[in-house]
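Written below as structure tokens is the structure these notes are about.
The values are calculated or read from the model by the stated rules, or taken from the named source; none is laboratory data. In this text, all values refer to a predicted model and were calculated from it rather than measured experimentally. Note that each Cβ is placed from the backbone with ideal geometry, even for glycine, and that neighbours are counted across all protein chains shown.
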Amino acid sequence: MKTFSYTVKDEVGIHARPAGNLAKLAKSFAGTKVMIEKGGKSVDVTKLMMLMGLGVKCGDTVNFTVEGPDEEAAAKAIEEFMQANL
Amino acid sequence: MIRFKGKGVYGAVAIGTVSVFKRQEASVRRTHVDDPAAELARVEQAKAQAIEQLSEIYEKALREVGETHAQIFEIHMMMLEDDDYNESIENIINTQSVNAEYAVALTSDNFSEMFASMDDAYMQARAADVKDISNRLIACLSGGGGEQSEQPDKMVVCADDLAPSETVSLDKERVLAFVTAFGSSNSHTAILARNMNIPAVISAGEEFLAQAKDGMKIIVDGHTGELILDPDEETERSYIEKQKSDAEKKALLQQLKGKPNVTKDGREIKIYANIGGVDGIGGVLANDAGGIGLFRSEFLYLESEDYPTEEQQFSAYKKVLESMAGKKVIIRTMDIGADKQIDYFNLDKEENPALGLRALRICLTRPEIFHTQLRALYRASVYGELGIMFPMIISVSEVEECIAMCDKVKKELTDEGIPFSDKVELGIMIETPAAAVISDRLAPLVDFFSVGTNDLTQYTLACDRQNAKLERFVDTHHEAVLRLIEMAAKNAHEHGAWIGICGELAADTSLTETFLRMGIDELSVSAPFVLPVRQAVRNTDLSK
């Protein structure tokens, strides 16, 4: 299991577009579960509606938990995505 | 001839024929089904059809508005395939033995409510996306799902509101403009209108929709948000003129949109817009301003019969902050007095109102008015990037009083558990010679200065700006005024503050180079000047 935290710097937070791309990225690692947690609430990153429903805003810190056969690569890809886009 | 006013989201004048948008929104009835499995199969089939339609719209959007904005339809497809959304539909069908249409409608309500109840304008707008995909799914279930049927040419589509997919599906060849009775400037629909270069007016009100009938002639002014149904000849002619001059300006606008405000040798400056009310936001966005450098809060007081309440002010500030979606918004505390008199303030008649009890002086004399405004501002601060600016400053102690009042308000809000942003910038207007001269003492107290050149000129030159006979004595480029600005800029930078200009001089492109050389960080001009000033900046080379 890989875990890491990220503090969102994008001024409008994880809104529709980045949420869609993030979900798509997470889905590309089939069999690996990527969870995102904010304020005690945890959702599966591939579930777009729930991910948007978390309402992650600028300045919020989120915690990722990546578990599965591809966890190493998935965690790296997601961390890079967050840094580049959010 | 009937006139209406909405909010312009994309500027341009269109003269065309009303076409009331007819949505094939089948009203959904709840019926009992004996075979839930058959309903589930229908959902699967409708979903496949809906996704196919969406991918066609995506392709169309890709060609017409570009990838960034087309992505929303890709997201719509993903939303349609979302596990939770689909599980909810399945559960409702299985547990209640109801028809698929009803299950989709109920799921749509639940998910859109989740988004609508979030305290974030961007996410609230997602409620419309959920409804959009659900309506498409229902239309496919009902065997429909087709797009608009026969329509006239040169049509102005009038609707209660348009979903993003409906907006993109409009035939750009024949749609001149669209008008919606509701809608927010944050919605994807408004954003798409701007990117499709279609003049659009939103929030026209229910009455407009009641009056607009198919085939009526209509004038839509996307700059001002004005709508004229059944115009007379003279009015129409004046708008045709306006269209012509627009077309010329537009050539300039189009080239400069999205480009940075940077000189040939690489110095960048911010260009913001000045507005006097919430309805100016459309113009700010349409002209590609980087933020709002001066939001005049007086309109709240001028439009009201009595002191505007904290709630009234809060909702106006919240709206402007949300609409600007994270771009800087500098709100100036009320500047009443002088040429802006209000009965309910019961101010004494003055010999010299310009030198009288005005603006901040009223606020410091009647702290309850100031207190209400600051509370509303801090409460709204969580919805965007707020700057608060105090006008008519002449002394250090006034600035200290303002800051103390802000601290008091912040403490109250903290005690009451009401959130506010800790990134609110505080600044002052440099519009009296006194403030410019002691700017070295004022700068350490604030985050920014903004030069109000109209008053600064009037006070420095001792020339009443209302008096037309003084025109020959008023040199707007007077060296004294420019030296004061330069002095303020130097002092601001020495103490880590930034400096902008929000008076009319900011839009004077013959001074743009002078301001750049002084190191001015921001110019705030009325919206139509944003792009001309950008052009002046881009033509400047400071290395020469």
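For the range B:404-436, give me each residue that is closer than 20 Å to residue B:382 by Cβ, hydrophobic (A, V, I, L, M, F, W, C) and touching a Leu at 6+ places or on another chain (Cβ under 9 Å).
Matches in the range B:404-436: B:405, B:406, B:409, B:420, B:424, B:426.
Among the residues of the range B:35-71, which ones are acidic (Asp, Glu) and either within 13 Å of chain A (Cβ to nearest Cβ) or not in a helix (DSSP H, G or I) (or both)?
Selection gives B:35, B:67.
Can you pull out every residue in the range B:305-350 that is touching a residue at least 60 places away in the same chain (Cβ under 8 Å), surrounded by fewer than 16 Cβ atoms within 10 Å (Cβ to Cβ) and over 28 Å from residue B:183 (Cβ atoms)?
Within the range B:305-350, just B:339 meets the criteria.
Residues that are of a type in the set (A, V, I, L, M, F, W, C) and within 29 Å of residue B:280 (Cα to Cα): which helices (runs of 4 or more DSSP H) entirely in the range B:436-544 hold 2 or more of them?
Answer list for the range B:436-544: B:479-494, B:512-518, B:530-538.
Which strands (runs of 3 or more DSSP E) sit wholly inside chain A and have at least 2 residues that are among the aromatic types (Phe, Trp, Tyr)?
A:2-7
Residue B:107 - would you say it is over 30 Å from residue B:247 (Cβ atoms), in contact (Cβ under 8 Å) with a residue 12 or more places away in the chain, in a helix (DSSP H, G or I) and not assigned by TED's automatic domain parsing to the domain that holds residue B:212?
Here the answer is yes, as residue B:107 does meet what is asked.
Any idea which residue in the range B:104-119 is farthest from residue B:84 (Cα to Cα), counting only those that are away from chain A (no Cβ under 11 Å) and not charged (D, E, K, R)?
B:116
Taking the condition of being in contact with a helix residue (DSSP H, G or I) (Cβ under 7 Å, 6 or more places away or on another chain) and within 18 Å of residue B:135 (Cβ to Cβ), how many residues in the range B:62-92 meet it?
Residues meeting the conditions: 13.
What residue, of B:416, B:425, B:412, is in contact with a strand residue (DSSP E or B) (Cβ under 7 Å, 6 or more places away or on another chain) and among the acidic types (Asp, Glu)?
Of B:416, B:425, B:412, the one residue that is in contact with a strand residue (DSSP E or B) (Cβ under 7 Å, 6 or more places away or on another chain) and among the acidic types (Asp, Glu) is B:425.
Does residue A:35 satisfy the condition of being within 11 Å of chain B (Cβ to nearest Cβ) and either surrounded by 15 or more Cβ atoms within 10 Å (Cβ to Cβ) or on the phi > 0 side of the Ramachandran plot (or both)?
no
Kindly list, by first and then second residue, each pair from a residue in the range A:2-26 that is farther than 14 Å from residue A:80 by Cβ and more than 7 Å from chain B (Cβ to nearest Cβ) to a residue that is surrounded by fewer than 19 Cβ atoms within 10 Å (Cβ to Cβ) and charged (D, E, K, R), limited to pairs with Cβ atoms under 6 Å and residues at least 6 apart or on different chains.
That search, which allows pairs on different chains as well, returns A:8/A:60.
Considering (1) touching a residue at least 60 places away in the same chain (Cβ under 8 Å); (2) crowded, with 23+ Cβ neighbours inside 10 Å, say which one residue B:488 fails and leave the rest.
(1)
Would a scan of the range B:48-70 turn up a residue that is of a type in the set (Phe, Trp, Tyr), closer than 24 Å to residue B:158 by Cβ and touching an Asp or Glu at 6+ places or on another chain (Cβ under 8 Å)?
No, the range B:48-70 contains no residue that is of a type in the set (Phe, Trp, Tyr), closer than 24 Å to residue B:158 by Cβ and touching an Asp or Glu at 6+ places or on another chain (Cβ under 8 Å).
Looking at B:407, B:335, B:306, can you tell me which residue is modelled with pLDDT under 95, more than 30 Å from residue B:288 (Cβ to Cβ) and not β-branched (Val, Ile, Thr)?
B:306
From the residues in the range A:38-58 that are of a type in the set (A, V, I, L, M, F, W, C) and more than 7 Å from every other protein chain (Cβ to nearest Cβ), which one is farthest from the chain's Cα centre (by Cα)?
A:58
So residue B:411 fits all but one of (1) without any contact (Cβ under 8 Å) to a residue 12 or more places away in the chain; (2) among the charged types (D, E, K, R); (3) outside any helix (DSSP H, G or I); what number is the exception?
Here residue B:411 clears every test but (3).
Any chance you could count how many residues in the range B:36-92 are under 32 Å from the mean Cα position of the chain (by Cα) and among the small types (Gly, Ala, Ser)?
Residues that pass the stated criteria total 4.
Can you find a residue in the range B:285-304 that is more than 16 Å from the chain's Cα centre (by Cα) and of a type in the set (D, E, K, R)?
The answer is yes, given that some residue of the range B:285-304 is more than 16 Å from the chain's Cα centre (by Cα) and of a type in the set (D, E, K, R).
Could you say whether any residue in the range B:144-156 is within 14 Å of chain A (Cβ to nearest Cβ) and either buried (at least 23 other Cβ atoms within 10 Å of the Cβ) or assigned to a helix (DSSP H, G or I) (or both)?
No - not one qualifying residue is present in the range B:144-156.
Quick one: which of B:85, B:122 is crowded, with 19+ Cβ neighbours inside 10 Å, outside the structural domain of residue B:384 (by TED's automatic domain parsing) and under 22 Å from residue B:322 (Cβ atoms)?
Answer to the check: B:122.
Collect the residues in the range B:400-437 that are farther than 19 Å from residue B:454 by Cα and of a type in the set (Val, Ile, Thr), keeping them in residue-number order.
B:403, B:409, B:414, B:418, B:424
Identify the single condition in (1) free of Cβ contacts under 8 Å to residues at least 12 places away in the same chain; (2) more than 27 Å from the chain's Cα centre (by Cα) that residue B:31 does not satisfy, given that it satisfies every other one.
If we test residue B:31 against (1) free of Cβ contacts under 8 Å to residues at least 12 places away in the same chain; (2) more than 27 Å from the chain's Cα centre (by Cα), just (1) comes out false.
Being at the interface with chain A (Cβ under 10 Å from one of its Cβ atoms) and under 29 Å from residue B:258 (Cα atoms) is the requirement here; does residue B:74 meet it?
When the stated conditions are applied, residue B:74 passes them.
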